[in-house]
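One structure is given below, encoded as structure tokens.
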Amino acid sequence: MERSCSVKSRDSITHQDHEPAPPYSRGHTPPPLQRRSRRTMVDVTKWPLFSLMEGEELSSIRQACVFGTSANEVIYITHNDDVYVFGLNCSNCLGTGDSQSTILPKKLDFLSGRKVVSLSYGSGPHILLASEEGELFAWGHNGYSQLGNGTTNQGVAPVLVSASLLNKRVTEVACGSHHSLALTNTGEVYAWGYNNCGQVGSGSTANQPTPRRVSNCLQNKVVVSITCGQTSSLAVVENGEVSDHSLNVYGWGYNGNGQLGLGNNGNQLTPCRLVGLQGLCVLQIVSGYAHSLALTDEGLLYAWGTNTYGQLGTGNKSNQLSPVQIMAEKESRIVEIAACHSTHTSAAKTQSGQVYMWGQCRGQSIVLPFLTHFSCTDDVFACFATPSVMWRLLSMEHDDFLTVSQSLKKEFDSPETADLKFSVDGKYIHVHKAVLKIRCEHFRSMFQSHWNEDMKEVIEIDQFTYPVYRSFLEFLYTDNIDLPPEDAIGLLDLATSYCENRLKRLCQHIIKRGITIENAFSLLAAAVRYDAEVSPASTPSNRTWRSSALSSV
């Protein structure tokens, strides 16, 4: 049967330790296939290093990567294509020209103005960066010539890697612990650096000081995606046969935990095809510390390698030398997988937007995929991975998928989709009857009990101000309120009138926290009025914030 598919790829991440681990990649637009990995809207402040940045600085970020043995280094690219770094600067991995750490972002002038299409880092760490023009830059740790410049001198600043790559256009990079891979726009793979287990694919275990083309089984094949483990390498390769457009996976290097998926645990000095995935169209491969995952065009997920923390998601902790299918019982197909070989954590996202995690999650071993409340796989690594690195070069452009809560928030006060308007202080607020009925008993009664309002397209509101009523309706769409304490008092009255107890508690909390000397009198007056209107006796919570107002007077 004829099949065709396209590939997703991503940036590799690596961490050195006792046992080498497998791969992953990104940023490559494979020829002739033209498909990039998904982009998503992520709050980068979930990574602590970004918490010191001002809002204006954060909004300028287009791409970012948190890396390092303790997630203590950052590189980010702005919308103006300026490149900044900050953090510990281990092994000169920030590329600032010195060995000093910095808590404030420093600009890398040499790289600014170049659009970044792929970035990866190793364990030293060393950094590889590919520009839109196909240029390859490297810096950082170089004890094994992983920078590809023919020396073992530390790279204190970004340098263009030109040896053996002249007239080659690099589209994707991947770093192992101390070795490097580069993929060109013609589907060739080049490798260099540490080669103790054959991870350079040269047929020997001698270190490779400059980029060398990986040939052997890949000689006449087109590679569309690459990824590295600690001391292993994987590549997705076009089959090349006219009637078979499947994409195969080849692996080479360290295989002590079965992370090459070859059915054994012997090291491989040259590329070897994973028979367990033969005939499948593999869209994406990623690797954790010593395990690998593959996603097919049919949304099927396969895992292999070490399983000490349950990172294979098989329900046990037994290693797998060959790919095994997991999550087969899920109704929604899988569209993205995530792993980073700085960690033992795995994640996946389904077509319906559900995000699962498994493996080592904040010290716990989760042996089966666990459904989270996250909207993207990146959040899994920010909140549960150790260290909390980014598993890919993160792009801040908005994803085309919205969760239910995101969709509701987006459609609040939207004239295009609304079927009802409230008129308050001469201003319209556009809403949806169905949402109001689902979220509020008051409106459920209004629209189901043949009230006069049920037949109206515009409902006049004169008991409450526009900011108060708009905030109430927005709360029904988002579960959040954003009002100053003075307006929160009006919203508290509304919540009482509509019997919205949770909203009442939120208002009371806002009022209590917002009491100052300047507004204490007005809040106290409101507290007295509220108590009188609700009940002769104050509730404990009301007495609390009224007492707070009195103490501020």
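The values are calculated or read from the model by the stated rules, or taken from the named source; none is laboratory data. Computed from a predicted structure; not experimentally measured. Neighbour counts run over all protein chains shown; Cβ positions are idealised from the backbone, glycine included. All accessible areas refer to the heavy atoms of the entire protein, side chains included, with ligands and DNA or RNA removed. Shrake-Rupley method; radii C 1.70, N 1.55, O 1.52, S 1.80 Å.
Say the cut-off is 21 Å between C-alpha atoms; which of Lys427/Lys456; Lys46/Lys349; Lys115/Lys221 go over it?
Too far apart for the 21 Å limit: Lys115/Lys221.
Nearest 500 deg cm²/dmol is fine: what mean residue ellipticity at 222 nm does the chain get from its DSSP H runs of n ≥ 4 alone, each adding -39,500 (n - 2.57), divided by its residue count?
Details: 10 runs with 102 residues, N = 553.
So the calculated ellipticity at 222 nm is -5500 deg cm²/dmol.
Consider all pairwise Cα distances in the chain and report the whole-number % of them above 34 Å.
Tail of the P(r) past 34 Å holds 47 percent of the pairs.
When Lys and Arg each count +1 and Asp and Glu each count -1, what net charge do the other residues less than 11 Å away from His442, Cβ to Cβ, add up to? Mind dumping the intermediate values first?
Values: positive: Lys437, Arg439, Arg444; negative: Glu441, Glu453, Glu500.
Summing Lys and Arg as +1 and Asp and Glu as -1 gives 0.
Output the Kirkwood hydrodynamic radius of the range 226-337, Cα pairs only, in Å rounded to one decimal.
Working: mean 1/r = 0.0720 Å⁻¹.
Kirkwood hydrodynamic radius for the range 226-337: 13.9 Å.
Kindly provide the trypsin sites (Lys or Arg not before Pro) of the range 53-131 that DSSP labels as loop, not H, G, I, E or B, and whose Cβ sees at most 13 other Cβ atoms within 10 Å. Working shown, then result.
Working: sites: Arg62, Lys106, Lys107, Arg114, Lys115; in loops: Arg114, Lys115.
Those that pass, being in a loop and sparsely packed, are Lys115.
Over 19 Å apart: what share of the alpha carbon pairs of the range 140-236 falls there, rounded to a whole percent? Intermediate values should be presented prior to the final figure.
On the way: 1558 of 4656 pairs.
Tail of P(r) above 19 Å: 33 percent of Cα pairs.
Count the net charge of all other residues whose Cβ sits under 13 Å from the Cβ of Arg169, scoring Lys and Arg as +1 and Asp and Glu as -1. List each step's numbers first, then the result.
Numbers: positive: Lys168; negative: Glu132, Glu133, Glu135, Glu172, Glu188.
Here the count lands on -4.
Starting from the Cα-Cα distance between Asp81 and Glu54, subtract it from 0.36 nm times their residue separation and give me the gain in nm to one decimal. If you can, show how the numbers build up before the last one.
On the way: separation 27, 0.36 × 27 = 9.72 nm, distance 1.88 nm.
Net length gain for the segment: 7.8 nm.
What residues have an amide H closer than 5 Å to that of Phe370, excluding those fewer than 5 places away on the same chain, when H is modeled at 1.01 Å from N in the peptide plane?
Met357, Trp358
If you filter the range 332-418 for GluC sites (Glu not before Pro), then keep DSSP loop positions with at most 13 other Cβ within 10 Å, what is left? If you can, show how the numbers build up before the last one.
On the way: sites: Glu336, Glu397, Glu411, Glu416; in loops: Glu397, Glu416.
Those satisfying the criteria are Glu397, Glu416.
What does the accessible area of Asp109 come to, in Å² to the nearest 10, when a probe of 1.4 Å is used?
Roughly 110 Å² of Asp109 is accessible to a 1.4 Å probe.
Taking only protein heavy atoms and a 1.4 Å probe, what accessible area per residue, in Å², does the chain have with all protein chains in place?
Numbers: 22610 Å² over 553 residues.
Roughly 41 Å² per residue, with all protein chains present.
Radius of gyration and Dmax for the range 312-392's Cα atoms, expressed in Å?
11.9, 32
Let's test the formula: R0 of 25 Å, r as the Cβ-Cβ distance of Ala434 and Arg505. What FRET efficiency results, to the nearest 0.05?
Efficiency computed from Cβ-Cβ geometry: 0.45.
Using a cut-off of 13 Å between beta-carbons, work out the net charge of the residues near Leu160 (Lys and Arg +1, Asp and Glu -1, Leu160 not included). The partial results should precede the final answer.
Working: positive: Arg114, Lys168; negative: Glu133, Glu135.
Here the charged neighbours net out to 0.
With a ≥ b ≥ c the root eigenvalues of the C-alpha gyration tensor of the range 85-165, is it rounded (a/c under 1.5), prolate (a/b larger than b/c) or oblate? The partial results should precede the final answer.
Working: a/c = 1.93, a/b = 1.12, b/c = 1.72.
Oblate.
Pop out the carbon and sulfur fraction of the accessible area of the chain as a percent, whole number, probe 1.4 Å. Don't skip to the answer; put the middle values down first.
Values: 11080 of 22610 Å².
Using a 1.4 Å probe with all protein chains present, the chain comes out at 49 percent carbon and sulfur.
For the chain, with the dipole built from +1 on Lys and Arg beta-carbon atoms and -1 on Asp and Glu ones, taken about the Cα centre, which of Ala130, Ser233, Ala348 lies farthest toward the positive end?
Final value for the positive-end residue is Ser233.
Which angle from 0 to 90°, rounded to the nearest 10, does the C-alpha axis of helix 466-478 make with the longest principal axis of the chain?
40
Could you state the angle between the C-alpha long axis of helix 485-497 and the longest principal axis of the C-alpha atoms of the chain, as a value from 0 to 90 degrees rounded to the nearest 10?
Value to nearest ten degrees: 70.
From the phi of every residue in the range 113-122, what ³J(HN,Hα) in whole Hz does the Karplus formula 6.51 cos²θ - 1.76 cosθ + 1.60 yield, where θ is phi - 60° and glycine or proline is x?
Per residue, the Karplus-derived 3J(HN,Hα) values read x, 9, 6, 8, 10, 7, 8, 8, 9, x Hz.
Please list, short to long, the whole-number percent of alpha-carbon pairs of the range 409-529 in consecutive 10 angstrom bins beginning at zero.
Per 10 Å bin, starting at 0, the Cα pair percentages come out as 13, 44, 31, 11, 1.
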